[in-house]
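Structure first, commentary second.
The values are calculated or read from the model by the stated rules, or taken from the named source; none is laboratory data. These numbers come from a predicted model, not from an experiment. Reconstructed Cβ throughout: ideal geometry from the backbone, glycine too, with neighbour counts over all protein chains shown. Keep in mind that these areas ignore ligands, DNA and RNA; they rest on the heavy atoms of the full protein, side chains included. Shrake-Rupley method; radii C 1.70, N 1.55, O 1.52, S 1.80 Å.
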Amino acid sequence: MLAMNVSAPIVITIDGPSGSGKGTLSQMLARHLGYHLLDSGALYRLVALAAMKKGVDLANEQAVSSVAIGLDVIFSLENKESAQILLEGIKVSDEIRQEAVSMAASQVAAYPSVRAALLERQREFAIAPGLVADGRDMGTTIFPTAQVKLFLTASAEARAERRYKQLCLKGESVDMAALVRDIRERDERDSSRTISPLRPAEDAVIIDSTSMTIDEVFTKMLAAIT
Ligand code: DC
């Protein structure tokens, strides 16, 4: 399926809800193929964190979109595991993963002007030899002509359990019921917004990872792209 086209880099989009394993799998795939990686969720998290640090009212779309337009961010390495994400020169790689930032990111991601402000920044990641783009609207809005589109999903409970384990490993105290509730709330917000809602592209291959291991999903993904 990956036909070479010398004029354009190959783009593989991986969309899906949070906790579907997209982050880990996008990273694995980018490394396997030697491609660049776009973690688009990090951009929304950065806008949210920058707005929070500046004391901007998250309910004020115009103020938040000014933050998005002026976002001063450096991804020092394009893979999530060892990436250093610098916001105005300060390392925020861990801070942007906190629950409060997750909720705020979901809120700012619903603003059309914030999405517009981040559009070109995301497309600039598509450079040779190729890009693995991880997000919600990679296959539908940002890279509609991508050569391969994957949509990863899993039940809310399975996703909450994965998140629970991650947070426990980091020593954070978490309430499982609250995690399921937050995931449902975020899914609802991400899927029901009018602009770029979370949904599979018509030509996406859908993979439900509820009862699959990471390696099993990776094998399925490789089968879909070759
Ligand atoms: O993938 P993530 O959990 O890091 O994403 C953070 C938030 O940003 C999440 O609520 C969905 C939103 N998002 C989005 O609306 N569009 C994207 N392409 C990526 C993330």
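Assorted remarks:
- Listed by chain and number, the lysines placed with their C-alpha closer than 24 angstrom to that of LYS54 are LYS91; residues fewer than eight positions away on the same chain are left out.
- Label-point separation in nm, SER155 to SER192, each point 7 Å along Cα→Cβ: 2.3 nm
- Normalised contact order of the range 122-226, rounded percent, pairs of Cα under 8 Å and 6 or more residues apart: 37 percent
- Taking all protein chains as they are arranged and a probe of 1.4 Å, the heavy atoms of ILE206 leave approximately 100 Å² accessible to solvent.
- Percent breakdown of C-alpha pair distances by 5 Å bin, ordered from the shortest bin, for the chain: 1, 7, 15, 19, 21, 18, 12, 5, 2, 0, 0
- Each principal axis of the Cα cloud of the range 10-105 was evaluated for its coordinate range; sorted largest first, these ranges are 41, 28, 24 Å.
- Highest mean packing comes first when the peptides 160-169, 29-38 are listed by Cβ atoms within 10 Å, giving 29-38, 160-169.
- The modelled label-to-label distance between LYS165 and ILE69, using points 7 Å beyond Cα along the C-beta direction, is 4.4 nm.
- Per-selection metrics, the range 100-226 (Cα): Rg and Dmax in Å: 15.9, 44
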